[in-house]
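Working notes, beginning with the structure itself.
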Amino acid sequence: MVQKSNSIIVGIVSRFMAPFIQLFALYVIAHGHYSPGGGFQGGALLGASILLLRLTVGDKGSELVFKKEFGTPLSGFGVFIYAAVGVLAMIGGGLYLDYGSLPFAGMTPAELRSLGILLVETGVGIGVMATVIAIFDDLTMRHFRD
Amino acid sequence: MKLLSYILLISFGLILVYAANELPTRGDPNAPINRDSSLAGTPGATAHYIRNAEKDMKTPNVVTTILADYRGYDTLGETTVIFCAGIVVFLILRKQKDGSKV
């Protein structure tokens with residue numbers, strides 16, 4: 001349980017900034033092919049934007065954006081996406097994580113590899129974001145009633 | 001005792017600085033890491049990646065190609081490690097709501 005910040009300036013500014021941080025995070029993930037960045041960095045940014053809301057707006061307001069129950073399942077889901085892309089490549093007739101043989105029609109192997117990198121980075125991003133949030137929520141939870 | 005640790009730290013630091021003088025400059029084509037073949041005669045990895053990354057997967061960022069494709073298993077392991085960290089914190093800290101011991 002995180003206490004809501006008392007300052008109205010902090011609350012409004014962080015609520016204003018959070019969507020821009022999330023937009024930049026999506027840019028970092030999606031533009032990882034051409035510029036520094038990728039799943040880890042974008043996921044950390046996404047997680048940080050939610051943590052900002054958790055700290056300033058409080059639990060009630062920030063759970064409108066990201067519910068606490070979603071943290072741990074989503075982090076598993078991110079890893080699952082990564083592993084599933086590998087299995088998908090096996091279904092397409094290649095080796096595990098060999099994106100060149102992903103079963104999507106009408107694309108050259110080079111394009112398939114580019115797509116595979118994007119899919120994998122998305123999985124990493126979701127996993128990192130959810131893990132950061134889940135650890136924060138576990139650490140700040142108060143179920144210790146003794 | 002404190003003085004001894006300072007002397008040890010400073011001497012190790014001096015050894016590191018002395019060793020860093022001998023490092024090859026960045027992008028040196030004659031450095032062992034950048035050669036076409038290693039000392040044992042096997043083909044070098046770096047030159048292969050830089051030459052083929054854009055052709056193989058239409059991605060100009062060589063770091064991304066190595067991270068996500070050439071070294072895909074490694075990144076899968078990294079993601080799993082982060083997931084494990086989250087799960088461990090979950091298992092240690094989270095208790096059930098009715099107060100029963102987990």
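Here are some residues: A:V132, A:V120, A:V65. Which one is within 20 Å of A:L26 (Cα to Cα) and in a loop (DSSP other than H, G, I, E, B)?
Working: A:V132 fails: in a loop (DSSP other than H, G, I, E, B); A:V120 fails: in a loop (DSSP other than H, G, I, E, B).
When all the criteria are applied, what remains is A:V65.
Report yes if A:G100 is assigned to a loop (DSSP other than H, G, I, E, B), more than 28 Å from B:I87 (Cα to Cα) and modelled with pLDDT under 90, otherwise no. Please lay out each step first, then the result.
Details: assigned to a loop (DSSP other than H, G, I, E, B): no; more than 28 Å from B:I87 (Cα to Cα): yes; modelled with pLDDT under 90: yes.
Judged against the criteria, A:G100 is not a match.
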Among the residues of segment A:21-59, what is the count of those that are without any contact (Cβ under 8 Å) to a residue 40 or more places away in the chain, over 13 Å from the mean Cα position of the chain (by Cα) and closer than 29 Å to A:K4 by Cβ?
2
If B:Y18 meets every condition in (1) at pLDDT 90 or above; (2) surrounded by 11 or more Cβ atoms within 10 Å (Cβ to Cβ); (3) aromatic (F, W, Y) apart from one, which number is that one?
(2)
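Those residues that are surrounded by 14 or more Cβ atoms within 10 Å (Cβ to Cβ) and not basic (K, R), I need them from segment B:42-61; list them, please. First the steps, then the outcome.
Our first condition is that a residue be surrounded by 14 or more Cβ atoms within 10 Å (Cβ to Cβ); within segment B:42-61, this holds for B:44, B:46-47, B:49, B:53-54, B:56-59, B:61.
Answer for segment B:42-61, where residues must be surrounded by 14 or more Cβ atoms within 10 Å (Cβ to Cβ) and not basic (K, R): B:G44, B:T46, B:A47, B:Y49, B:A53, B:E54, B:D56, B:M57, B:T59, B:N61.
The values are calculated or read from the model by the stated rules, or taken from the named source; none is laboratory data. Note that the coordinates shown come from a computational prediction; the quantities given were computed from them, not determined experimentally. Virtual Cβ from ideal backbone geometry, glycine too; neighbours counted across all protein chains shown.
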